[in-house]
Amino acid sequence: MDILSGASIGMHFRHVIEFFDCVVDGVSNGMINYDLRKRNGVIEQDPLAASRRILELRNWIQEQHEDKALELQSDMCEGDTFLGSGVRSSYNRELIYAIEHAIHHMAIIKIAVINSFPDLQLEPNFGVAFSTVRYRESACAQ
């Protein structure tokens, strides 16, 4: 899609799902590296596969009841110099990051839907940060 610089809505959903998959893997092995995520073309091309994975992730998240220490690794380069880094993090912190990252991509998806599928109606708060929703609600109440 031109509005998405050549990307598709499916690509954005795949990207979001894979960040949550990184959190799942991180809880299993104690380390998260979003740069090493698996790029699953099936999720990108098949809305039912994406929907199934989202439901699996939701169920997995609901089963998590404790925070866990994690190491966040990132592959950063400056020119030709590799600057690998590791930072202490936690499951709760990375879950919040994945949620905020998802909302950011939902906002991008919303732009594409409005421009390319004007008859498709999304929820008014689709792609809107929780803090923005609360702010708007409090501003309307005044």
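Please list log₁₀ I(q)/I(0) at q = 0.14, 0.15, 0.17, 0.19 Å⁻¹ for the chain, using the Debye equation with identical point scatterers on the alpha-carbon positions.
For the chain, the Cα-only Debye profile gives -0.81, -0.91, -1.09, -1.23.
How much length, in nm to one decimal, is gained on full extension between LYS68 and GLU100, taken as 0.36 nm per residue of separation minus their Cα-Cα distance?
Roughly 9.6 nm would be gained on extension.
For the stretch 111-135 and the stretch 1-66, what is the separation of their C-alpha centers, rounded to whole Å?
Using only Cα atoms to place each centre, the spacing works out to 20 Å.
How large is the charge dipole for the stretch 35-114, taken about the Cα centre, if only the Cβ atoms of Lys, Arg (+1) and Asp, Glu (-1) carry charge, to the nearest 20 debye?
Roughly 340 debye, rounded to the nearest 20.
Fewest Cβ neighbours within 10 Å first, please rank VAL133, VAL23 accordingly.
VAL133, VAL23
Nearest 20 debye, what's the magnitude of the dipole of the chain about its Cα centre given +1 on Lys and Arg Cβ and -1 on Asp and Glu Cβ?
300
If r is the Cβ-Cβ distance from ARG58 to ALA7 and R0 is 35 Å, what FRET efficiency results, to the nearest 0.05?
0.90
Every number here is computed from the coordinates shown, using simple stated rules; none is lab data. This is a predicted model, so every value here is computed, not measured. Note: ideal-geometry Cβ built from the backbone for every residue, glycine included; neighbour counts use all protein chains shown.
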